[in-house]
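Please read the structure below before turning to the comments.
Please treat every number below as a calculation from the coordinates, not as lab data. Nothing here was measured: the structure is a model prediction, and the numbers come from that model. Note that we place each Cβ from the backbone using ideal geometry, even for glycine, and neighbour counts take in every protein chain shown.
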C-alpha cells in the first residue's frame, strides 16, 4: 500500500513551469552594463566585503534554487498528496441540531438558543479536517436531513444557516436513530448533538459513546399554556366550554392572567397564582352562536413567547328552520320560539317534505303520507303510512322512560298525565322513549330512510304537560338532537402531531376529515364548485401555514396526510386555486345532514398550539458539554497541501526579504 | 560647436581685464617669495585658515587687535606657469565634458598668464605625458595654445600623475606654478605626483573636476560596471545602502584632497562641470582677492 497518494496527479504538469523560470534566470544573469570613469571607489566599497565573495558568486544560484523550491512546493500542493493514515482516519460526522420550540427561547445576549446552536455548528464545520465528511440533521418533529454527507464547508454552512426555527417538539432520539442509519458501520463515525437539553431521554443519549451532546442556552423560568381546547356545550346550543391548563416551569411563585378573546372580542380574564411546578386547570363556560378563533394569551414576559399564546377554533352554530304546522297552539309556539337558533315559521298546511336542513313540527295535522325529512309530530289525530291509531289509552301516565336516549335527557315526568294519548301501531322501526304502564308508546322515535321522525302522543290542551318544566326540555332536546352537533369539538392540535384527512375516490361526493391520532375530527366536507357543480374529489388540495406558506397535499389512496405541523397558529386546508378554471371550495357540513345544504364556508381550519410541557420547561434535564470554542480539528489534522502552501508562502516571503537586501539575486 | 569659439575668446578677454596680476604674487606669493630669497614686497593680508603656515601670521596685528591674519607678498619677476592636463579616458567618460571643461579652464588661465607676460607650458598626461606644449610667452601665442588644447585626445589605460610630474620636473628649466587639471582618479594616488612637484619647489594648484553623476550615482540592482580607462568589469549588486556608502566614500575622497592641499598650503579648487568655466575663474580670483 502506498504511503502517499495524490488526489490530483495531473498537477505534476505544472512542474513544466521550471523551464520558463530557468530561461528567465539565464536571461536575468546578463546584467546591464554601465561605464564609470573609475572603479576605484566601487572596488574599495565592495572589497571590504571580501569574506562574502564566495557567497556573492552563489547568490544567483541560490535565488534560482529558491524559485525552484517554491515551484516544487506549489506543485506538490496542487497534486494534493494524502497520507494513507489520513485517508484511513477520515471521519464521518452527523451533526444533529435541535430546532424545536424550546430553542426559540431568547437568551440574555438578545439571540435565541437556535442562533447560538447555528453559530457553534458553524465553528465546528470550519474546524473539519479536509478528509472528514459531515451531514446535518434537524431534530424538531420528524427528523429531517438538512444536508447529506459532504466535505464542502460552504454547503454545510449554508445548510446550517437555513435551518428554520420551529414550534415543534424535540425528537433528538429519532434524529439520532436517523444519524446512526446514515453512519452505518463507519469506523470513525460520530454523532454531535447541539441542543438545549430540554427533553427527557437525555441520559440514554449520554450513555452512547458515539454521541457527543453539546449544550446551548441557560436555565430559564417560563410559564406556559400546556392545554387548551374548546368545544360546544352539551347542554346549550350556543354555549361552549374552554379547557385551559397553565403550568409554572420555574422555581418561584408566579402570578399572571389569561385573557380569552373570541376574535377581537374579549371574553374573559382569568387571574392565576402558580406555585413552582404547579399546573392550574380552568374550565370556562360562555355562549356564542357565531364561533370563530378563540385566543388565549398569558400576560407574562418570559423568554419563550410561543407557549404564552394558544388558539382554538369554535364551530359556528347556524339557525335551524323549524316549520310549525298548527291551527293554533300557544304552548308549542312559545316553547319553540324560546329554543336558541330556532327560526320558527308557522303554517296551517302540512307540506309534503320538511324544510331543507330544517325540522317540520306537525301539531295534530298529519297528512296520510308522513312528510319526508326530520319531522316532529305532536298529538297525531289521524293515521299515516307510518302508524295507525287505536283506542285512547286508559291510563296515559308515564311508566317507563328510556334514560339512555338524549331525547329525554333531564326530563322529569313524575305524575305527569298524557291526556288524549292513543294506542299507536308503527309500521317501521320504532324506539319507544316514554311508555305507559301497558307499554304503549307516548313518545317515540321512528327510523325512516327519508329522515327520522319523533312522535309525542299527548293533547297539550288537556293535560299539565305544557305547564311542566319537562315540556320545554323535551322539545329542546328534540330540536338539538335533530341538529346533531351537541358537544361539537374541533380539537386544537399540538405541534408535531399528524392529521389524516379521508378523501373518498372519484364518484363519492363527500370528504371526511378525521383529526389525527388523538381524537377524530367528526366532520364531513364536500368538494363542490361555486356554481354548484360537483367536481372530482381528486381535486388537488393544499395546506396553508400560519405564515402563509403553501404546501401541496399528497394523496395516498383515500387519505391526505398533514404534518407534522411545526408552527403554531391557524392552518388551513383548501383546494388548490390553480387546479382548474373554476374555483372549488371545501365545505364542512354536518355528518347528519342530508347533504343538500348550501355551501357558505370554504376552508377547513386547524388550530395548532405548542402545549408541550417538555418544550416549555426551559431547564436542561442534565449537564451538557460546552460547545463554544470546540474544534473538530486536531494538531496535524490539516491536509498536506495546506502545510505545503504555508511553507511555499513562507518561502516566497523569505525570498522577497532576501532579495530586498540583495542577499539573493 | 567648436571648443574655442569667438564667444569663448571674448570671455577670455574679459577675464584678462578683471584679473590683472593674478599670478604675480597673488595666488601663492609666500612660496614664490621664499624661493626668490630677496625682493620681498608686502602686498596684502588675508584671513588665516586652518592649515596655513603659522610662520606667515602677522603677529603684530594679532598682538594689537587679536585678528589672525596672514601676510601676503608680491614678487616682481615673470612666472612660469605649467598646466598638467589629465587626458585619460576617465576625463572623457560619457560625453567628454570633463576634458572639455579642463581644456577651457586651461585656455582661460593660459590666456590670462600670457596677457601678464608670464610663460606658459602645457603637459597632457594619462599614464605618462602624452603631449607637451613647450614654454611660450606673449599674448600672441594664445592661438597656438588653443590649437594645442583643441588637439588633445583622450588616451592611456590608467592615470599616473606621478609619472607626469616626474616628466615635468625633468623637463622644466625652472620651477613655477603648476596647475593640475584632473579628476584625480589616480590608481596610484594623486599625492605622489603632487609631492613630486612640491619636492622640486614647484607650486601645485589643483583644480579637481568631477560630474554630478560621479558624485551621486543612481543605479540600483544588479549591474556590470566597466572602467572607462582599463575596461575592467565588475558585477555588482547595488543597493541603497551601497549607494549611501559610495557617496560617503566620494565625499571622503574630496575631503582628502582638501585636507592634503591645506596641509601643504596648496591652492585647491574643486568644481563640477555644471559650473560655467568663467564662473570658476572668477571664483578663483575672488578667493585670491584679485577681484570682487
One finds the C-alpha centres of the range A:79-132 and the range A:434-475 to be spaced, in Å, by 75
For the pair residue B:44 and residue B:171, the simple spin-label estimate (label points 7 Å beyond Cα toward Cβ) gives in nm 3.3
Expected sort for A:422, B:286, A:113 with the fewest Cβ neighbours (10 Å cutoff) up front is B:286, A:422, A:113
Checked the range B:237-292 against the a/c 1.5 cut and the a/b vs b/c comparison, axes a ≥ b ≥ c from its Cα gyration tensor; verdict oblate
For the pair residue A:218 and residue A:545, the simple spin-label estimate (label points 7 Å beyond Cα toward Cβ) gives in nm 3.1
The relative contact order of the range A:213-266, taking Cα pairs under 8 Å that sit 6 or more residues apart, comes to a percentage of 32
One finds the C-alpha centres of the range B:116-143 and the range B:233-259 to be spaced, in Å, by 35
Rounded to a whole number, the mean other protein chain Cβ count within 10 angstrom for residues of B:86-95 is 2
Label model pair residue A:83, residue A:107: point-to-point distance (7 angstrom along the Cα→beta-carbon line) in nm is 3.5
Per the rule of 0.36 nm per residue minus the C-alpha distance, extending residue A:464 to residue A:15 adds in nm 150.0 nm
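Estimate the FRET efficiency between residue A:349 and residue A:558 by the formula 1/(1 + (r/R0)^6), using the beta-carbon distance for r and 51 Å for R0, to the nearest 0.05.
0.65
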Output field shielding_mean for B:241-254 (other chain Cβ, 10 Å radius) holds 2
Taking A:418, A:426, A:642 and counting other beta carbon atoms within 10 angstrom, the fewest-first order is A:642, A:426, A:418
For chain B, longest principal axis from Cα atoms; helix B:190-199 axis from its Cα atoms; angle between them, nearest 10 degrees, is 20
The computed P(r) of the range B:111-163 puts the percent of Cα pairs beyond 16 Å at 45
Note on the range A:208-358: C-alpha Rg/Rh, Kirkwood Rh, two decimals, gives 1.26
Note: residue A:68 to residue A:626 extended length (0.36 nm per residue) minus current alpha-carbon separation gives 196.1 nm
Calculated from DSSP helices alone, with each H run of at least 4 adding -39500 (n - 2.57) and the total divided by the residues of chain B, [θ]222 nm to the nearest 500 comes to -12500 deg cm²/dmol
Hits in the range B:234-268: amide N under 18 Å from the 7 Å Cα→Cβ extension of residue B:218, namely B:238-248
Computed from the beta carbon distance with a Förster radius of 22 Å, FRET efficiency for residue A:22 and residue A:642 to the nearest 0.05 stands at 0.20
Highest mean packing first, using Cβ neighbours within 10 angstrom, the peptides A:180-192, B:99-111, A:318-330 sort as B:99-111, A:318-330, A:180-192
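On full extension of the chain, what length is gained from residue A:399 through residue A:269, given 0.36 nm per residue of separation minus the C-alpha to C-alpha distance?
42.0 nm
Can you check what the Kirkwood hydrodynamic radius comes to for chain B, Cα pairs only, in Å to one decimal?
The answer is 20.0 Å.
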Rounded to the nearest 10, the angle in degrees between the Cα long axis of helix B:240-263 and the longest principal axis of the Cα atoms of chain B comes to 20
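If I take R0 = 56 Å and measure r between the Cβ atoms of residue A:658 and residue A:201 in this structure, what FRET efficiency does the formula 1/(1 + (r/R0)^6) give, to the nearest 0.05?
Numbers: r = 63 Å, r/R0 = 1.13.
Working from the Cβ atoms, E equals 0.30.
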The percentage of Cα-Cα pairs in the range B:84-213 separated by more than 24 Å is 21
Footprinting proxy, A:442, A:62: sorted fewest to most Cβ within 10 Å, the residues are A:62, A:442
Output for the range A:225-274 (equivalent-ellipsoid semi-axes, sqrt of 5λ from the C-alpha gyration tensor, Å, descending) is 26, 13, 8
